[in-house]
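The values are calculated or read from the model by the stated rules, or taken from the named source; none is laboratory data. Just so you know, these numbers come straight off a predicted model, no measurement behind them. All Cβ positions, glycine included, derive from the backbone under ideal geometry; neighbour counts span all protein chains shown. These accessible areas exclude ligands, DNA and RNA; they are computed on the full protein's heavy atoms, side chains included. Shrake-Rupley method; radii C 1.70, N 1.55, O 1.52, S 1.80 Å.
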Amino acid sequence: MNANIKQTSSLAIISLVSGLLGWTLVPWLGSLVAIVTGHMARAEIRRNPDTMEGDGMAVAGLVLGWLMVALTVIGILLVVLFFGGILAFIAALGASGHLH
């Protein structure tokens, strides 16, 4: 009996750990590392499916990384829209003569 021993991809582990760090200690840098290493890990696992595993960890790192990026973009957009709305309101009051 030959037991097929698979090795867990180091890149998948790095992706998962970086994704978690992206939510805690190093927000954007951790997320970027999670995204890059997650894609690299999945490619590595696809190239060597008989000897490598860890696709779930790579996917988890990718999800954590991309989710942080998406929430950051949404947050920045909301801040810009909020302050842009305030400025537009002030400008409208000034143009109407209600602001002295």
Take the solvent-accessible surface of the protein heavy atoms, probe 1.4 Å, and return the percent of it on region 26-98 that carbon and sulfur atoms account for.
81 percent
Rounded to the nearest 500 deg cm²/dmol, what is the calculated helix-only ellipticity per residue at 222 nm for the chain, with -39500 (n - 2.57) per DSSP H run of length n ≥ 4?
-27000 deg cm²/dmol
Take Lys6 and Asn48, extend 7 Å from each Cα along the Cα→Cβ direction, and tell me the distance between the two endpoints in nm.
1.3 nm
What number does region 1-91 give for Rg over Rh if you use C-alpha atoms and the Kirkwood radius?
1.30
Label Trp28 and Phe82 with points 7 Å out from Cα along Cα→Cβ: what is the distance between them in nm?
1.8 nm
Sorted peptide list for 47-53, 5-11, criterion being average Cβ within 10 angstrom, highest first
5-11, 47-53
